[in-house]
Amino acid sequence: MTAVPVVPGCTWHPGYLAPADQTALLATLRDLLRQAPLFQPVMPRTGTPFSVRMTNLGSLGWVSDKAGYRYQPHHPVTGEPWPPIPDAILAVWDAVSGYPHPPEACLVNWYGPGARMGLHQDRDEEDLSAPVVSLSLGETGLFRIGGTTRGGRTVPVKLASGDVLVFGGIARLAYHGVDRLLPGTSTLLKDGGRINLTLRRVTKPV
DNA sequence: CAGTAGCT
DNA sequence: TCGC
């Protein structure tokens, strides 16, 4: 498996998932999205909506609303527990994370045309010793990752469908985001757009 | 168009 | 301040 270093602590696995596996995973996701529909998060305090829609799988899911960022065990709209993380996704974590405990959260970010994600840190987890594992499906996203402070150099990565990105260790708190999508770069999603699955360990294992 | 300041 |  190709492992491309991006910045120290961050490794890119281009084409990790074969096209047939991407199609199968997408079918699984579509089924799960019926149980845990996409919702539109908003920024704390201001209520400014995100341009991505999201949902979660796993025992804990990341949400953002006017009260703040947090992990919670239930869907904010339906009140139902998040569906379990499918085995095909857990297998990716097992293969690339180097972490001996399963992820608790699989954040599903759905990028429609024009959606983006400003530079930010993932820092709402209690266990920062586990890496963040990201899996891309659909159109290529212009991803960017830098250091642990704003204002430093950042490195662009074109994350295509099937790519896996891992950032942990010194890169666990790296600023990262998605500038924009490259339209027409994938036919996996009929209407275009991109799905990003982000796997995280939230609590410290007992 | 990338990167950042500055906003509320 | 995971947006603009």
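The values are calculated or read from the model by the stated rules, or taken from the named source; none is laboratory data. As the structure is a computational prediction, the values presented were derived from the model and not from experiment. Using ideal geometry, Cβ is built from the backbone for each residue, glycine included, and neighbour counts are taken over all protein chains shown. Just so you know, the surface numbers come from the protein's heavy atoms only, side chains and all, with ligands and any DNA or RNA stripped out. Shrake-Rupley method; radii C 1.70, N 1.55, O 1.52, S 1.80 Å.
Name the residues in the stretch A:124-160 that are under 19 Å from A:ALA95 (Cβ atoms) and among the β-branched types (Val, Ile, Thr), would you?
Taking the stretch A:124-160 first, the residues under 19 Å from A:ALA95 (Cβ atoms) are A:129-137, A:159-160.
Within the stretch A:124-160, A:VAL132, A:VAL133 qualify.
Evaluate the following for A:PRO84: is it open to solvent by 80 Å² or more (accessible area, probe 1.4 Å) and either outside any loop (DSSP other than H, G, I, E, B) or modelled with pLDDT of 95 or more (or both)?
On the way: open to solvent by 80 Å² or more (accessible area, probe 1.4 Å): yes; either outside any loop (DSSP other than H, G, I, E, B) or modelled with pLDDT of 95 or more (or both): yes.
Yes.
Out of the residues in the stretch A:54-72 that are in contact (Cβ under 8 Å) with a residue 40 or more places away in the chain, open to solvent by less than 60 Å² (accessible area, probe 1.4 Å) and not aromatic (Phe, Trp, Tyr), which is nearest to DNA strand C (Cβ to nearest atom)? So that I can check it myself, show each step before the final result.
Initially, the stretch A:54-72 is screened for residues in contact (Cβ under 8 Å) with a residue 40 or more places away in the chain, giving A:54-62, A:69-71.
Subset that is open to solvent by less than 60 Å² (accessible area, probe 1.4 Å): A:54-58, A:60-62, A:71.
Going one step further and asking which of them are not aromatic (Phe, Trp, Tyr), we end up with A:54-58, A:60-61.
Details: A:MET54: 9, A:THR55: 14, A:ASN56: 12, A:LEU57: 16, A:GLY58: 15, A:LEU60: 13, A:GLY61: 12 Å.
Of everything passing the filter in the stretch A:54-72, A:MET54 is nearest to DNA strand C (Cβ to nearest atom).
Return yes when A:ASP163 is within 23 Å of A:TYR69 (Cβ to Cβ), touching a residue at least 60 places away in the same chain (Cβ under 8 Å) and of a type in the set (D, E, K, R) and no when it is not. It would help to see each step written out before you state the result.
Values: within 23 Å of A:TYR69 (Cβ to Cβ): no; touching a residue at least 60 places away in the same chain (Cβ under 8 Å): yes; of a type in the set (D, E, K, R): yes.
Judged against the criteria, A:ASP163 is not a match.
Pick out, from the stretch A:93-188, the strands (runs of 3 or more DSSP E) lying fully within it that include 2 or more residues that are open to solvent by 40 Å² or more (accessible area, probe 1.4 Å).
Values: elements: A:105-111, A:117-120, A:132-138, A:140-145, A:155-159, A:164-167, A:176-182.
Ranges flagged: A:117-120, A:155-159, A:176-182.
Looking at the stretch A:16-53, which of its residues are of a type in the set (Gly, Ala, Ser) and either open to solvent by 40 Å² or more (accessible area, probe 1.4 Å) or away from DNA strand C (no atom under 12 Å from the Cβ) (or both)?
Just the residues of the stretch A:16-53 that are of a type in the set (Gly, Ala, Ser), to begin with: A:18, A:20, A:24, A:27, A:36, A:47, A:51.
Once the filter is applied, which keeps residues that are of a type in the set (Gly, Ala, Ser) and either open to solvent by 40 Å² or more (accessible area, probe 1.4 Å) or away from DNA strand C (no atom under 12 Å from the Cβ) (or both), the stretch A:16-53 yields A:ALA18, A:ALA20, A:ALA24, A:ALA27, A:ALA36, A:SER51.
Pull out all pairs, ordered by first then second residue, where Cβ-Cβ is under 6 Å, the residues are six or more apart or on different chains, the first lies in the stretch A:28-40 and is of a type in the set (Val, Ile, Thr), and the second is modelled with pLDDT of 95 or more.
Within 6 Å, the pairs are A:THR28/A:PRO86.
When the stretch A:149-184 is examined, which residues are found to be of a type in the set (S, T, N, Q) and touching a helix residue (DSSP H, G or I) at 6+ places or on another chain (Cβ under 8 Å)?
First, pick out the residues of the stretch A:149-184 that are of a type in the set (S, T, N, Q): A:149, A:154, A:161.
Correct list: A:SER161 only.
I'd like the full set of residues that are assigned to a loop (DSSP other than H, G, I, E, B) and not polar (S, T, N, Q), limited to the stretch A:22-63.
Here is the first cut: in the stretch A:22-63, the ones assigned to a loop (DSSP other than H, G, I, E, B) are A:36-38, A:40-41, A:43-48, A:50-52, A:59-60.
Matches in the stretch A:22-63: A:ALA36, A:PRO37, A:LEU38, A:PRO41, A:MET43, A:PRO44, A:ARG45, A:GLY47, A:PHE50, A:VAL52, A:LEU60.
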